[in-house]
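What follows is a set of notes on a single structure, which appears directly below.
Where a number appears in this text, it was derived from the coordinates with a stated rule and is not lab data. Since this is a predicted model, take the numbers as computed values, not measurements. Because the Cβ atoms are built from the backbone with ideal geometry, glycine has one as well, and the counts that use them run over all protein chains shown.
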């Protein structure tokens, strides 16, 4: 198959590029594995501190040194719907560990912030770097060297990528990721979006808007649209870090609890004290990373992962590039339509066949590496299943359904919604950028219009309220990159630009900021790099310059003579307003150290 040959060629390209860094990583992993996982390296004082608060039976077991100890890294808090269900997971995990002859301890907690709460607020400027804080926090939790394996409780935006980076930094330990699942379906996402647009136009008030939002986000679990949080869950399953079928089972159900207990026992069984030692740093390799990218394209997943996957891969010594992601997009078809690239939510996706159906179709189409190792064992084929609750309360698995339960939501490979993936890399004299094409209608994928330049999303929203934007234009929002202000999401622009597009105007967005997995129907060239603060050409665009965004051919250009563009200077603007308040002063070092978006936007030296 041509697609399979192309995917294998890209994988080999990544492998060759990564050979030195990957070999160095694996050498360090092996050295760590030989120096841990038994607690014999700990002094009696170390060990006594490590189990001082344990139950008597757990103390006795850990003192003997031949019982596996499972570290729990949790992102629990009860303000965020996706993470609230984790409150009860440690108790469940400890009980399951004892049943399996092991011990489990909460090794540490990590912060979990929600972009949905901080959209348009100063706190959003901490969001991207919270990924790095999460990785650092998890590393502190695992640093005590008490553990033979770890389970990671996380769901949302930066939390899972941060946890993966931490897990791979402790790559000698087996790692199993345990999700909480999506909330049940509420007000349909498209109806919520309509109310947002009516509010932006002044046609409904705040009370009506809050009522709609509350009906959409209404209970425990992940938000049901296909943004970064649910893209995370897809990635963890298709990369083999979840147990099969675990991703999209609702919280607080018997099946969810059964999957959690099962994941606990599996984590213990793949420690070095068992017969199936599976260190996560060896398990995750170039093939696993490529499988993750394929899944992202096939589902039209979050644009944020064009940043996160690069940082995650780098943590395992693997050099993934935007070009790799773009080339894979050309051979991977879009098989899922989940809001914002369709009307369905993730519960409808799961009911139509979900991850099991998707993985089977991609495997049969030659689009995934089947010969990978997972937390479940050898090969990805065991993930082409549907998980159910057995009569004894344990998980049973059946083959994924032969046909989709709804081909408008989840298509079989021969009936793909489009022949290419949902994400594309743009290149041109403005640099490199990412666009999510799956939610943009084909007739809107090429936009050429005069630029209107803004230095914040609030400035654009103010212009909209003043009635200054009823025309064709390309909004250029600059000084939003990692070094400028932490690369916040600019999701507040979605509604305004959507209103203008619905009025018949040709509009598009170009920004060195982010737009997230919620990127919608307006063409948006995001993550532009180099960013304006680093001298990028996006900072040289002026009002009235013609900008051409061509998502079909993958180009992003300002139509200005080369010599004229080169002679322009990026204006110096006052960014001190982004440097203080809501903890932003504490992140000055992160902004200074941050790498480019196409290098993972990391504030530590893994990319």
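The angle between the Cα long axis of helix 228-238 and the main principal axis of the chain comes to about 50°, on a 0 to 90 degree scale.
Per-peptide packing, taken as the mean over residues of other Cβ atoms within 10 Å, places 171-178, 103-110, 450-457 in the sequence 171-178, 103-110, 450-457 from highest down.
For the chain, what does the helix formula give at 222 nm: sum of -39500 (n - 2.57) over DSSP H segments with n ≥ 4, over the residue count, nearest 500 deg cm²/dmol? All intermediate terms of the calculation are to be shown ahead of the outcome.
On the way: 23 runs with 229 residues, N = 607.
That comes out to -11000 deg cm²/dmol.
According to the square roots a ≥ b ≥ c of the eigenvalues of the Cα gyration tensor, what is the shape class of region 12-167, taking rounded for a/c under 1.5, prolate for a/b larger than b/c otherwise, and oblate for the remainder? Walk me through the intermediate numbers first.
Details: a/c = 2.31, a/b = 1.22, b/c = 1.89.
Oblate, because a/c is 1.5 or more while a/b does not exceed b/c.
For helix 492-502, what angle does its Cα long axis make with the longest principal axis of the chain, in degrees from 0 to 90 and rounded to 10? It is inclined by approximately 50 degrees.
Once the Cα atoms of helix 254-269 and of the chain are each reduced to a long axis, what angle between those two axes, in degrees from 0 to 90 to the nearest 10, is obtained? The angle comes out at about 60 degrees. Its relative contact order, with pairs defined as Cα atoms under 8 Å and 6+ residues apart, puts region 423-599 at 29 percent.
Report, in whole Å, the centroid distance computed from the Cα atoms of region 387-465 and region 255-321. What the calculation gives is 21 Å, centre to centre.
Between region 81-116 and region 568-607, how far is it from one alpha carbon centroid to the other, in angstrom? That distance is 33 Å. The residues 168, 198, 430, when put in order of fewest to most other Cβ atoms within 10 Å, stand as 198, 168, 430.
Of all DSSP beta bridges in the chain, what percent run antiparallel (nearest 5)? Provide the component values of the computation, followed by the final result.
Values: 26 of 56 bridges.
For the chain, the DSSP antiparallel bridge percentage is about 45.
If a/c stays under 1.5 just call it rounded; otherwise compare a/b with b/c (prolate if a/b is bigger, oblate if not). Do that for region 427-488, with a ≥ b ≥ c from the square roots of the Cα gyration tensor eigenvalues. Because a/c hits 1.5 or more and a/b fails to exceed b/c, region 427-488 counts as oblate.
If you take every DSSP beta bridge whose two residues both sit in region 423-599, what share of them, in percent to the nearest 5, is antiparallel?
On the way: 17 of 30 bridges.
Rounded to the nearest five, the antiparallel share is 55 percent.
Which of rounded, prolate or oblate describes region 216-295 when judged by the alpha-carbon gyration tensor and an a/c cut-off of 1.5? Since a/c reaches 1.5 but b/c is at least a/b, the shape of region 216-295 is classed as oblate. With contacts taken as Cα pairs under 8 Å at a separation of at least 6 residues, the chain carries a relative contact order of 15 percent. Put the Cα centre of region 149-190 next to the Cα centre of region 532-558 and the gap is 35 Å.
Between residue 575 and residue 392, the FRET efficiency from the beta-carbon distance, with R0 = 56 Å, is close to 0.40. Express the Stokes-Einstein translational diffusion coefficient of region 423-599 in µm² s⁻¹, to the nearest whole number, given a Kirkwood radius over alpha-carbon pairs, 25 °C and a viscosity of 0.890 mPa s. Once the numbers are plugged in, D ends up at 152 µm²/s.
Exposure proxy check: 487, 183 ranked by fewest other beta carbons within 10 Å? Mind dumping the intermediate values first?
Values: 487 27, 183 24.
Going from sparsest to densest Cβ surroundings: 183, 487.
The smallest convex shape that holds all Cα atoms of region 130-273, its convex hull, gives 120 Å³ per residue.
In the chain, Rg over Rh equals 0.97, where Rg is the alpha-carbon radius of gyration and Rh the Kirkwood radius from pairwise Cα distances.
Treating r as the C-beta distance of residue 203 and residue 407 and R0 as 41 Å, the FRET efficiency rounds to 0.70. Taking the average, over residues, of other Cβ atoms within 10 Å as the packing measure, peptides 541-548, 138-145 rank 138-145, 541-548 from highest down. Coordinate range of the alpha-carbon atoms in region 333-433 per principal axis, descending: 61, 32, 24 Å.
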